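S.K.: I'd like to ask some things about the structure below.
Derivation of every value follows stated rules applied to the coordinates shown; laboratory data play no part. Given the structure is predicted, the values throughout are model-derived calculations rather than measurements. So basically every Cβ, Gly included, is an ideal-geometry build from the backbone, and we count neighbours across all protein chains shown.
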Amino acid sequence: MDNKRLITEQFGNNAEKYVKSQIHAKGLDLQYVVQQVENRKNIHLLDIATGGGHVANLLATIFKDVVALDITEKMLEKAKEFIQTNGHENVSFVVGNAEDLPFSNASFDTAVCRIAAHHFQNPAQFIHEVHRILEEKGLFILIDNVSPENQEYDTFYNFIEKKRDPSHRRALKKTEWISLLEKNGLQMQSCLTFEKQFNFDWWCNMMDVPQQTRSKLTDCMMKTSNEMKEFFKIHVESNKVESFYTEMALFVCQKSSTLKR
C-alpha cells in the first residue's frame, strides 16, 4: 500500500480523535506561533497538513485569510466543522499534498506545518514547495516530533512510531531539518525544543492499534537498554508501559532567496 493511501486510511478513520486531542489542541508551541506572527502584516496564511485544524483555528483571528490544506478528506471535513463552529469565516479548505502544493508561486506571506512532516515521503520536496509558495521574506514555521541525534536512539524511536502507525515515514533529526531548510532558501531564525510526554494507552488508541501490536510495542520498550529507557523516560508499572517522552522542535525560518533549479 502506498504512503498516501496509508495516511488517508489511518487518519480518515481517526479524524474525530485528532480534532478533540488535547495534545494537538494545546501546547506551548501554539503560544509561540502566535508570538512569532502577531507583529507581521498577516494577510495570507497556509496551514499545511492541518489535521484537526488547530493552527488554522488559532490564527484565523490574526490573518485576513487562511487556507487549511490536508491530504485526507475526512480529516479536512472534521477540521472544517470544528473551525466553522468557532465562527471563523475566513478559512478555506483544500484537499492537497504537501509535496505538490496546488498554489501559484509567492501566494502566501506565512506558512505553518505542525506535527505532520514525519508522514511525508519526500521532506526535501516538501521544503522546496514551501519555498516556492512563499513570497519574498515570507515566514515558515515548522513544528514536528524529532528523533535524537544519537543513531541508535533515532532508530529505536522511528521503529516504535512506525510499528504504532504504518503511515509514519520518519521523524528527522533537528540537524537534518536545519540542513534541508537552509539548503532550500529558508534561513533559520530560531529553533526551540519541547519535551512531549505520551501516555502509552492514549498513543495507541489514537491509531486503533491492535492488541497484538500493543504487546509487541510493550515488549520492545521493556526489553530495551537501561540507557534507552532513561533517555525516553519510559515509565513502567506492573509490567505495563505507562508513558514515555520524546522531543518536539519548532523551527522559525524566513524565505531568503529565489532558488534556481
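S.K.: By how many degrees, 0 to 90 and rounded to 10, does the Cα axis of helix 211-223 deviate from the longest principal axis of the chain?
M.R.: Rounded to the nearest ten degrees, it is 80.
S.K.: Just to be sure I understand the model, the point goes 7 Å from the Cα along the line to the Cβ. What's the resulting residue 125 to residue 233 distance in nm?
M.R.: Spacing of the two 7 Å Cα→Cβ label points: 3.7 nm.
S.K.: What is the Cα centroid distance between the range 213-231 and the range 73-105, reported in whole angstrom?
M.R.: 38 Å
S.K.: Now for a separate question. Ratio of alpha-carbon Rg to the 2.2 N^0.38 Å globular estimate for the chain, to two decimals, please.
M.R.: Cα-based Rg divided by the globular estimate yields 1.00.
S.K.: Ok, one more. Consider just the alpha-carbon atoms of the range 112-261 and return their Rg together with their Dmax, both in angstrom.
M.R.: Both quantities, over Cα of the range 112-261: 17.2, 58 Å.
S.K.: Along its three principal axes, how long is the range 189-261 when you only count alpha carbons? Whole Å, largest extent first please.
M.R.: 55, 27, 21
S.K.: To test your reading of the geometry: what angle, between 0 and 90 degrees and rounded to tens, separates the Cα axis of helix 174-183 from the longest principal axis of the chain?
M.R.: Relative to the chain, helix 174-183 is tipped by roughly 20 degrees.
S.K.: Compute the acute angle (0 to 90°) between the alpha-carbon long axis of helix 28-37 and the principal axis of greatest extent of the alpha-carbon atoms of the chain; round to the nearest 10°.
M.R.: Tilt of helix 28-37: around 10 degrees.
S.K.: Note down the relative contact order for the chain as a percent, whole number, built from C-alpha pairs under 8 angstrom at least six residues apart.
M.R.: 18 percent
S.K.: Can I ask one more? Computed over the Cα atoms of the range 84-196, what is the ratio Rg over Rh, Rh following Kirkwood? Write out the running numbers ahead of the final one.
M.R.: Numbers: Rg = 15.4 Å, Rh = 15.5 Å.
Rounded to two decimals, Rg/Rh equals 0.99.
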